[in-house]
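Novice: Got a structure for you, questions after.
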Amino acid sequence: MGVSAFKAIAASALAIVAATSIASAADLAPRYTKAPPAMVEVWNWTGFYIGGNAGYSWGRGNSDVSYFNTLTGVPIVPPAGSILGAGYDMNGAIAGGQIGYNWQSSNWVFGLEADAQWSDEKGRGVFSCAATLIGGPCLPGLTFLPAGVTGTSLAVDSHLEWFGTVRGRVGILATPRVLFYGTGGLAYGSIKTTGALAGVTPAGIAVASVASNSDVRLGWTVGAGVEGKITNNWSAKLEYLYMDFDSFRAGTFTLAPGSLISANVDTRFHDHVLRVGLNYTFGGPVIAKY
């Protein structure tokens, strides 16, 4: 073999090696794969929750007073000029907590909630059993009218000390995170009534007494609200409730034995509650793939 032939064979070998290297390099080029699907959080309303709230309440009390002779029990018919009925506002701040359970079905949310509230709602009504020229039935035993005496007076202070509700809730989701709902059920609360009765004895001596009575009343409530998810576990709400405790005997107050007159106080109370709240729902978020 000559030198020229050897050079030709060597050149051909080098060309084959170069081509093989280029092909191998092409086989090692990066290969692209499809990215995994995104993980999306689904807003879920089902589960137990607990929370707190605060707000203000605009209540209204209406009381009627009837007088009777303490010794005989015979009703006293007050003369003209007497004040036997009065309405008064019972407004104040409220604060408390709630616990409940929600169940979501499609865009509907059903639930049950109970709450307990401290209340600063207070109000006063003023009543009178007017005197006549010689005293009259409102000043038993008195045969003359002392100067400045206008009869037997009664001031009634009402205080809603605390209240609570047990309610059902039905709502619809305007968006996955925003719930509009209606609610209603049982209301209960403690109403303290303090009566200050003032008059005169048959001898014309001023006499007064103060007594209090607390009564736990049952009633009903309806309302509506809106609640929004902050995260899947935390939500905030704005809620309105109307409560009605109907009529009840708030207390009996007397001046005996100084004066044989007593007064029964019958009261009806209803309330408007506006409050904001924060709830924590137990359970982790729901994750879905898309």
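Novice: Restricting attention to region 163-198, which residues are crowded, with 23+ Cβ neighbours inside 10 Å, closer than 18 Å to residue 114 by Cα and aliphatic (A, V, I, L, M)?
Specialist: 187 - this is the single residue of region 163-198 that is crowded, with 23+ Cβ neighbours inside 10 Å, closer than 18 Å to residue 114 by Cα and aliphatic (A, V, I, L, M).
Novice: Additional query: Quickly run through region 38-79 and pick out the residues that are aliphatic (A, V, I, L, M) and in contact (Cβ under 8 Å) with a residue 12 or more places away in the chain.
Specialist: Initial filter on region 38-79 (aliphatic (A, V, I, L, M)): 38-40, 42, 50, 54, 65, 71, 74, 76-77.
Of everything in region 38-79, those that are aliphatic (A, V, I, L, M) and in contact (Cβ under 8 Å) with a residue 12 or more places away in the chain turn out to be 38, 39, 40, 42, 50, 54, 65, 71, 76, 77.
Novice: Okay, next question. Among (1) part of a strand (DSSP E or B); (2) closer than 30 Å to residue 140 by Cβ; (3) of a type outside the set (Phe, Trp, Tyr), which single condition is residue 78 missing?
Specialist: Condition (1) is where residue 78 drops out.
Novice: Is at least one residue of region 208-229 farther than 25 Å from residue 126 by Cβ, touching a strand residue (DSSP E or B) at 6+ places or on another chain (Cβ under 8 Å) and either aromatic (Phe, Trp, Tyr) or assigned to a loop (DSSP other than H, G, I, E, B) (or both)?
Specialist: For region 208-229, residues farther than 25 Å from residue 126 by Cβ, touching a strand residue (DSSP E or B) at 6+ places or on another chain (Cβ under 8 Å) and either aromatic (Phe, Trp, Tyr) or assigned to a loop (DSSP other than H, G, I, E, B) (or both): present.
Novice: Please find, among 188, 280, 181, the residue that is touching a Leu at 6+ places or on another chain (Cβ under 7 Å), farther than 28 Å from residue 134 by Cβ and either without any contact (Cβ under 8 Å) to a residue 24 or more places away in the chain or among the aromatic types (Phe, Trp, Tyr) (or both).
Specialist: On the way: 280 fails: touching a Leu at 6+ places or on another chain (Cβ under 7 Å); 181 fails: touching a Leu at 6+ places or on another chain (Cβ under 7 Å).
Criteria check complete, one pass: 188.
Novice: Let me ask you something else. Of all residues in region 252-290, how many are at pLDDT below 95, part of a strand (DSSP E or B) and not β-branched (Val, Ile, Thr)?
Specialist: Here the count works out to 2.
Novice: Looking at 216, 210, 156, which is the one that is touching a residue at least 60 places away in the same chain (Cβ under 8 Å), closer than 30 Å to residue 57 by Cβ, out of contact with any Asp or Glu (no Cβ under 8 Å at 6 or more places or on another chain) and of a type in the set (A, V, I, L, M, F, W, C)?
Specialist: Numbers: 216 fails: touching a residue at least 60 places away in the same chain (Cβ under 8 Å); 210 fails: touching a residue at least 60 places away in the same chain (Cβ under 8 Å).
Answer to the check: 156.
Novice: What pairs come up if the first residue lies in region 255-267 and is within 30 Å of residue 219 (Cα to Cα), the second is surrounded by fewer than 19 Cβ atoms within 10 Å (Cβ to Cβ) and not polar (S, T, N, Q), and their beta carbons are under 6 Å apart, counting only those six or more places apart or on different chains?
Specialist: Pairs found: 262/68; 266/64; 266/249.
Novice: Looking only at region 66-96, how many residues end up being surrounded by 15 or more Cβ atoms within 10 Å (Cβ to Cβ) and under 24 Å from residue 51 (Cβ atoms)?
Specialist: So the count comes out to 3.
The values are calculated or read from the model by the stated rules, or taken from the named source; none is laboratory data. Bear in mind that the values here come from a model prediction, so they are computed numbers and not experimental data. As a convention, Cβ positions derive from the backbone with ideal geometry for all residues, glycine included, and neighbour counts pool all protein chains shown.
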